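Okay, handing you the structure first.
The values are calculated or read from the model by the stated rules, or taken from the named source; none is laboratory data. Values in this document were obtained by computation on a predicted structure and should not be read as measured data. Please note: Cβ atoms are built from the backbone with ideal geometry, for glycine as well, and neighbour counts cover all protein chains shown. In case anyone asks, the SASA skips ligands and DNA or RNA and just uses the protein heavy atoms, side chains included. Shrake-Rupley method; radii C 1.70, N 1.55, O 1.52, S 1.80 Å.
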Amino acid sequence: MGAAMTTAYCLNGDELQRQIQKLPWLLFPSGLCEVLVICDVDDHARHFRAYVSASPGQRLLEPHTLAIDACLALIKAARCKGVVYDLGSPYETHVAMVFDRFEQLRKAPVSVQHEELNEAYQLVRNHVVTAIDLRLVSLDGASADRLRKIRGDLPGHLHAIEPHHEPCFAEFDAWHHVELLRDLSRDLQKHPTG
């Protein structure tokens, strides 16, 4: 696990509608209002999400509802015309350190185990909150409301993480870190040695 930098491209509003109008031969879903592409350190697309207007706010499209050519066109448009966000992850080094010294952590008192894992989780959570706040600067309406809801739904503590929280963190390329910390915590609870 390294400290890789990732980038997000967000395309919405009038610019998204302009890109859709340039491609009339492709079938885009009605109400398409936002596209998000997350790329890895080599700028290869890793995650693609598309949202449609819904009442209230926005709804995430199921991947199978978009044809491959429409997905590829939206990914290209987002990367060319979307707003760019740096999702650099300073917390990754800390999470990697916790993982690397997991066997030593097993021998620590339970209170220390919980404190270390939750401290790492708080760094991940703070990263996501900061990323949301950066995106909110250039958003309004349903897109902004959706991000505010995500921010409000982020659990305050590692032990409160449930599977339904995955989309909140995945949109900011952070779910794999939360999942790792959660699994380490569960392992320590199943096999207490401290």
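Taking H as built 1.01 Å from N, whose amide H comes closer than 5 Å to the amide H of residue 33, not counting residues under 5 places away?
Amide H neighbours of residue 33: 51, 52, 53.
Which value, in debye to the nearest 20, describes the size of the charge dipole of the chain about its Cα centre when Lys and Arg Cβ atoms bear +1, Asp and Glu Cβ atoms bear -1, and nothing else is charged?
320 debye
If I model a spin label as a point 7 Å beyond the Cα along the Cα-Cβ vector, how far apart are those points for residue 47 and residue 137 in nm?
It is 2.1 nm.
Simple spin-label model, 7 Å along Cα-to-Cβ: residue 103 to residue 179 in nm?
Spacing of the two 7 Å Cα→Cβ label points: 2.5 nm.
Still on this model: With the other protein chains left in place, how much accessible area per residue, in square angstrom, belongs to the chain at a 1.4 angstrom probe?
Per-residue accessible area for the chain comes out at 52 Å².
Also, quick follow-up: Indicate the gyration tensor shape class of the range 121-166 (rounded, prolate or oblate), computed on the Cα atoms with a ≥ b ≥ c the square roots of the eigenvalues: a/c under 1.5 is rounded; otherwise a/b larger than b/c is prolate and the rest oblate.
In terms of gyration-tensor shape, oblate.
In addition: Using a probe of 1.4 angstrom, how much of the accessible area of the chain is carbon and sulfur, in percent?
56 percent
So if we plug the beta-carbon distance of residue 64 and residue 119 into 1/(1 + (r/R0)^6) with R0 = 35 Å, what FRET efficiency do we get, rounded to 0.05?
0.35
Among 112, 128, 95, which one shows the highest mean-square fluctuation when the chain is modelled as a Gaussian network with alpha-carbon springs under 10 Å?
The residue with the greatest mean-square fluctuation here is 112.
For the chain, state the average projected area of the convex hull of the C-alpha atoms over all orientations, rounded to one decimal in nm².
With every direction weighted equally, the projected area is 11.4 nm².
Let me ask you something else. Under the rule of -39500 (n - 2.57) per DSSP H run of 4 or more residues, summed and divided by the residues of the chain, what mean residue ellipticity at 222 nm is obtained, to the nearest 500 deg cm²/dmol?
-16000 deg cm²/dmol
Per 5 Å bin from zero, what fraction in whole % of the C-alpha pairs of the range 134-194 is there, up to the bin with the longest pair?
That works out to 4, 15, 23, 20, 14, 10, 6, 3, 3, 1, 0, in percent per bin.
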